[in-house]
Amino acid sequence: MKAGLLTFYHLHHYGAILQAAATQRALETLGWECETIDYFVNQDTRIFRPAASPSLAASDAYNALHYPAVRRRWQRFEDFSRSFLRLTDRRYESREELRRAELPYDLLVSGSDQIWNPTIFPDRRFDPVFFGAFSPLRKIAYAPSFGVARLPEGMEEELKGYLEGFSHLSVREVSGREIVREASGREAAVVLDPTLLLTAAEWSALAADPALREKEYILCYGISRSGALEPYIRRLAEETGLPVVQLCGTRRKLHPKARMISDAGPAEFLGLFQRAAYVCTNSFHGTVFSVLFQRPFFTAVAPAELQEPERSRTFSLLSRLGLTERVVGKGDAAGLRDRPDWAAAEARLAAARAGAMAYLKAALADEPYQGTEAALPREDGPLLADRTHCTGCSACAAACPKDAIALVRDREGFAFPQVDLEKCVRCGICTRTCPMLQEREPRPLPAAFAAWNREADIRRDSSSGGAFSALADYVLEGGGVVFGAALDGKQHLRHTACFRKEDLWRLRGAKYVQSDLEGVFREVRKCLETRQVLFSGTPCQVDGLYRYLGRRPENLTTCDLVCHGVPSPGVWEDMARYIEKKRGRELQTVRFRNKVEGWKNSHFTAVYDDGTVDTHPLFETEYGRAFGRALFLRPCCHRCPYASLNRPGDFTLGDLWGLRPDELPEQQRLGVSLLLVNTPHGSHIFGQLPLNCRPFPVERAIAGNPRLASPTVQPADRAAFFAAYALEPFDQVARKFCALPPLPVRAAGKVLSPEAKAKVKKVLKRG
């Protein structure tokens, strides 16, 4: 029996040619003769190409300067193809040529690599050839990748048509399975990349000695900007004393003393990984071969993959192998010298390999495949929200009847639930309590108001219009208690109870850090037994409280905040120590939003133990600038489900940004609150508050406060920041990531138009 393989192979990319060789070999081990169809389209492998763009011109210049090495690399790719790939006798360059050809096959195999990625082809459409659309032969798919988390709009029907010709479907990533399901209603097996079907010993037989003088080395292989990898490369080199060898993907040095390897072919690529003491990579196949050769590795992924790991090919693989801690730039990344659990990873890989081969055997024989993706082994503990969804609300810990859950800080300085399995009785209460694991009921649109406190002193001490203080006074006057966030003497932000108006000042004002809720929900429940309670916090904290209580008590009033996202408590506390070190004195208190120059020019004000004061515009301070860039927000903030008008609190409070100059002009200097009334309970109390109010269009409230419509976008350098934060002294991190731009740049920023700024950013990013 003979199969024709449709895949990439001649791109002169290491992953492309090695996966093609692996697919061919896997088919041959199952008794099939396999031939790779030499389909050549949109794949120019010439060393020098017409300079149609500045980047191609730069590439040609580089190749000219390094011609001997580049030529050797080119020849090594060609030699590897001839030695280890069985190719068709002729080359095909169009669908029509293939349609007319008399191909001697019993079936066609599509896969692997990104052959189903529509965005890589010149017309940004699917290439029908890679779906076998030129032939009536039976077709199967082995591990093709779409290369994108979601299809471009309007392409589902086209994909559905192409998939109809397949008797068996599989994909490489979980995200691919979702794409197939949504487009066609069919289920696709998630199988291993074909390079993982071969063992380390089999790949070693194809490896060539890289002929390095270094016996041990740190191998760096980056196919794009290294970002989060750089501190790992630097610290590994410092702590181990090993030299750095860089396999050229990106041509920029990832370490100042790196030895650059420009002439490696596929066989030398294998040899470099086989011999490395450590590997730092942001390549998927760099990760694959680190796993296969069991080299201690760190890998970086794109910001979008960190935000949605369920749609990442690297996470898809490493989660199956129990190795996600090797992904850098996140709170649960492994320590620098931590060793992977290779025995456990190898056992999982063997099971996944057996499943993939079972699928391939069934598909080749045209037999039903009943296998399912093996469930990941996990500790016998409760189901809780994963890291990218967990808000740290503490509801699970508060609800646990055995106190088996504690909130523990990770490497990013955020608290996450940690379960003591010896105490846990598997009752499931924490799972049922977690807000992120429950559906939220929709609510009617809220009523929106511009609001401000009638008391000038209170308004001055508030971040906006002092609406919170009016609500708090109402509750306290009725003998109730108010829970809100306050900084202690160590600059730790914690929710605390306030029983007297005289103490309410501690709860006023914005605090740009996530607050500690340990024990607070239980304290709220106890207070509710005897008195009225007002709880103010972020929407996720308010929702967490309701989930913990299991109801909405009549004597509980809640106020959620329009939230940009919650910064890391660990980062803030380190920043506080950094400020103290620079000033040579201890911080007594901080005001993140001080209206010393009016509402619209809020200042970051630091008061020290000797009575001295520093005050600067918020976004002209290191912390304020980094906060404005969303550099160190909690992972869940970038996919926040509360960034909408479906609010959990009775009230929502924020600043009423977006007022025209002619609207409430006398009030704008002092500050105006945006007040949303979300529930009938809130509406009842609203009518009794001593506030000046004006109705305000909800759509304009959203325009001025975008976090009422969508979450804060994750910045591209978040992972790089937290990678450095995990490994380096904070003063170095702050200087690198939080420092203000030079004075000329800041001056230009104040006079340039938004369009001009966007153009400058684009040029700088490209450079």
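The table below gives the values:
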{"quantity": "Of all residues making up the stretch 313-333, the number that are in contact with a strand residue (DSSP E or B) (Cβ under 9 Å, 6 or more places away or on another chain), among the small types (Gly, Ala, Ser) and crowded, with 22+ Cβ neighbours inside 10 Å", "calculated": "2"}
{"quantity": "Restricting the stretch 668-718 to residues that are in contact with a strand residue (DSSP E or B) (Cβ under 9 Å, 6 or more places away or on another chain) and among the small types (Gly, Ala, Ser), the residue that is surrounded by the fewest Cβ atoms within 10 Å (Cβ to Cβ)", "calculated": "Ser683"}
{"quantity": "Scope the stretch 583-628; condition in a strand (DSSP E or B), free of Cβ contacts under 8 Å to residues at least 24 places away in the same chain, surrounded by fewer than 17 Cβ atoms within 10 Å (Cβ to Cβ) and not polar (S, T, N, Q); matching residues", "calculated": "Val607, Val613, His616, Pro617"}
{"quantity": "Ser204 vs. criteria under 29 Å from Arg348 (Cα atoms) and either without any contact (Cβ under 8 Å) to a residue 12 or more places away in the chain or exposed (fewer than 15 other Cβ atoms within 10 Å of the Cβ) (or both)", "calculated": "yes"}
{"quantity": "Count of the stretch 648-658 residues which are in a loop (DSSP other than H, G, I, E, B) and buried (at least 24 other Cβ atoms within 10 Å of the Cβ)", "calculated": "4"}
{"quantity": "Some residue of the stretch 545-554 being in contact with a strand residue (DSSP E or B) (Cβ under 8 Å, 6 or more places away or on another chain), among the aromatic types (Phe, Trp, Tyr) and in contact (Cβ under 8 Å) with a residue 40 or more places away in the chain", "calculated": "yes"}
{"quantity": "Pairs with Cβ under 6 Å, 6+ apart, first in the stretch 59-83 and of a type in the set (Phe, Trp, Tyr), second at pLDDT 85 or above and surrounded by fewer than 16 Cβ atoms within 10 Å (Cβ to Cβ)", "calculated": "none"}
{"quantity": "Criterion (over 25 Å from Glu412 (Cα atoms) and touching a Pro at 6+ places or on another chain (Cβ under 9 Å)) met by exactly one of Arg547, Arg585", "calculated": "Arg547"}
{"quantity": "Sole exception among (1) aliphatic (A, V, I, L, M); (2) assigned to a helix (DSSP H, G or I); (3) touching a strand residue (DSSP E or B) at 6+ places or on another chain (Cβ under 7 Å) for Ala143, by number", "calculated": "(2)"}
{"quantity": "Criterion: at pLDDT below 95 and either among the basic types (Lys, Arg) or under 20 Å from Gly649 (Cβ atoms) (or both) - qualifying residue of Arg508, Arg522", "calculated": "Arg508"}
{"quantity": "For Asp386: the one exception among (1) of a type in the set (Asp, Glu); (2) closer than 29 Å to Arg426 by Cβ; (3) surrounded by 16 or more Cβ atoms within 10 Å (Cβ to Cβ)", "calculated": "(3)"}
{"quantity": "Inter-residue pairs, beta-carbon under 6 Å, first more than 26 Å from Pro68 (Cα to Cα) and in the stretch 259-288, second of a type in the set (A, V, I, L, M) and not in a helix (DSSP H, G or I), 6+ apart", "calculated": "Ala277/Leu242; Tyr278/Ile218; Val279/Leu219; Asn282/Ala300"}
{"quantity": "Unique residue being in the same structural domain as Phe632 (by TED's automatic domain parsing) and touching a helix residue (DSSP H, G or I) at 6+ places or on another chain (Cβ under 8 Å) when the list is Lys501, Lys511, Lys526", "calculated": "Lys501"}
{"quantity": "Residue within the stretch 507-528 that is closer than 22 Å to Val596 by Cβ and crowded, with 23+ Cβ neighbours inside 10 Å present", "calculated": "yes"}
{"quantity": "Residue in the stretch 461-480 that is within 37 Å of the chain's Cα centre (by Cα) and loosely packed, with under 14 Cβ neighbours inside 10 Å present", "calculated": "no"}
{"quantity": "Selection from the stretch 152-179 of residues that are of a type in the set (Ser, Thr, Tyr) and outside any helix (DSSP H, G or I)", "calculated": "Ser167, Ser170"}
{"quantity": "Qualifying residue in the stretch 199-207 (condition: within 30 Å of Lys330 (Cβ to Cβ), in a helix (DSSP H, G or I), modelled with pLDDT of 90 or more and not polar (S, T, N, Q))", "calculated": "yes"}
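Yes/no matrix, rows are residues, columns are (1) buried (at least 19 other Cβ atoms within 10 Å of the Cβ); (2) not basic (Lys, Arg):
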site	(1), (2)
Phe121	no, yes
Arg125	no, no
Glu157	no, yes
Ser170	yes, yes
Leu198	yes, yes
Lys215	no, no
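Residue by residue, here is whether (1) in contact with a Lys or Arg (Cβ under 6 Å, 6 or more places away or on another chain); (2) loosely packed, with under 13 Cβ neighbours inside 10 Å; (3) under 15 Å from Tyr39 (Cα atoms) holds:
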{"residue": "Phe84", "(1), (2), (3)": "no, no, no"}
{"residue": "Arg91", "(1), (2), (3)": "no, yes, yes"}
{"residue": "Glu102", "(1), (2), (3)": "no, yes, yes"}
{"residue": "Leu107", "(1), (2), (3)": "yes, no, no"}
{"residue": "Ser110", "(1), (2), (3)": "no, no, yes"}
{"residue": "Asn117", "(1), (2), (3)": "no, no, no"}
{"residue": "Ser135", "(1), (2), (3)": "no, no, yes"}
{"residue": "Arg138", "(1), (2), (3)": "no, no, no"}
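The values are calculated or read from the model by the stated rules, or taken from the named source; none is laboratory data. Everything numeric here is computed off the predicted structure, so don't read it as measured data. Reconstructed Cβ throughout: ideal geometry from the backbone, glycine too, with neighbour counts over all protein chains shown.
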